[in-house]
Amino acid sequence: MRLLPLILLSSFFTLPTLAATETFKNVSVIDVNCHTKFAKDPDAHPRACALTCSASGYGIFTQDGKYLKFDRKGNDEILSELKASDRKDHLRVDVAGDVEGDTLKVTSVKLL
């Protein structure tokens with residue numbers, strides 16, 4: 001019986017190491033304020049609006065329709081790329097990071 005708590009405790013410390021980085025290719029990126037409004041057609045969301053709503057943060061729609069919010073690092077990186085872009089809409093990215101609940105801890109993001 002003494003062994004069970006030890007096994008449970010050791011598995012608790014190994015679980016975070018099991019989280020693997022996920023990669024999402026050619027997915028829509030949209031600000032948090034507008035993600036419900038443009039859920040059916042995120043490619044119609046204009047870049048000008050994404051820049052105006054930048055304070056709300058950004059996220060992606062995954063292939064299965066789930067919305068994942070970016071962490072602070074991801075928000076900063078995509079905002080910089082959006083500012084440098086001349087795209088008017090159809091904002092898509094390749095992004096990688098660790099999913100924690102409804103948040104993506106971004107390790108890399110590239111506006112396509």
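Of note:
- Whole-Hz ³J(HN,Hα) from phi, Karplus 6.51 cos²θ - 1.76 cosθ + 1.60, for segment 80-92, glycine and proline x: 4, 5, 5, 5, 7, 7, 10, 5, 8, 7, 6, 7, 10
- Put simply, the amide H of Y58, placed in the peptide plane, has neighbours under 5 Å in V32, F70, leaving out anything fewer than 5 places away on its chain.
- With protein chains left intact and a 1.4 Å probe, residues in segment 41-112 average 52 Å² of accessible area per residue.
- For peptides 58-66, 74-82, sequence by mean Cβ density within 10 Å, most packed first: 74-82, 58-66
The values are calculated or read from the model by the stated rules, or taken from the named source; none is laboratory data. Computed from a prediction, not measured in an experiment: that's the story for all the values here. Don't worry about glycine lacking a Cβ; one is built from the backbone with ideal geometry, like all the others, and counts go over all protein chains shown. For the accessible areas, the whole protein counts, side chains as well, though only heavy atoms, and no ligand, DNA or RNA atoms are used. Shrake-Rupley method; radii C 1.70, N 1.55, O 1.52, S 1.80 Å.
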